[in-house]
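The values are calculated or read from the model by the stated rules, or taken from the named source; none is laboratory data. Worth saying up front: this structure is predicted, and the values here are computed from it rather than measured. Cβ coordinates were reconstructed from backbone atoms using ideal geometry, including for glycine residues, and neighbour counts include every protein chain displayed. Side chains included, ligands, DNA and RNA excluded: accessible areas come from the protein's heavy atoms. Shrake-Rupley method; radii C 1.70, N 1.55, O 1.52, S 1.80 Å.
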Amino acid sequence: IPAGLPAGNNFYYCLGDATFHAGNGPNGNNVFFIDGNLVIDGNLTIGATDTATFIVKGNITVEPAVTRIDGIYIAGGTFNSANVNGAQLVVNGAVYANTAQLGRTLADSGCGVAPCDNTVHPAEQFNFALKYLVGLNSVLGSPSLSWKEVAP
């Protein structure tokens with residue numbers, strides 16, 4: 001997934017595996033359909049008025065160096081936060097997956113929180129953010145329902 005995607009409400013489709021390297025997510029409300037696996041190997045931050053949704057047929061893997069990902073992540077397979085002894089992963093948004101493998105443990109030092117200890121801080125922190133679901137309305141729309149009362 002390259003940097004510099006155009007601003008606005010966009011849909012993207014990837015026929016195979018995809019990788020997000022690092023940086024700010026695209027501006028606007030964007031939906032990514034990935035017909036394979038997604039690897040996130042760099043922090044992914046989304047602006048205050050922007051949203052990103054990743055709908056992945058296979059697995060979503062978050063590499064050990066990643067400490068923050070924003071957006072909604074939907075995996076048909078496994079969401080894997082990397083089985084590693086390192087920094088805390090903060091997810092702002094939501095994760096939906098068939099299976100979740102949350103294998104991180106905080107390192108003895110340099111994990112990004114103090115004290116660096118799983119008994120005090122979680123290795124993975126999920127902050128549900130409704131803005132990502134609300135932002136989808138402008139991209140996917142909302143179901144319309146109409147009714148009319150008729151005389152018997």
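With a Förster radius of 25 Å applied to the C-beta separation of Tyr13 and Ala48, the computed FRET efficiency comes to 0.40.
Size descriptor for segment 9-120, Kirkwood hydrodynamic radius: 14.4 Å (Cα pairs only, one decimal).
Keeping all protein chains in place and using 1.4 angstrom, which order do Glu124, Glu149 fall into by accessible surface area, from largest down? It would help to have the intermediate numbers written out before the result.
Details: Glu124 30, Glu149 155 Å².
Output order, biggest surface exposure first: Glu149, Glu124.
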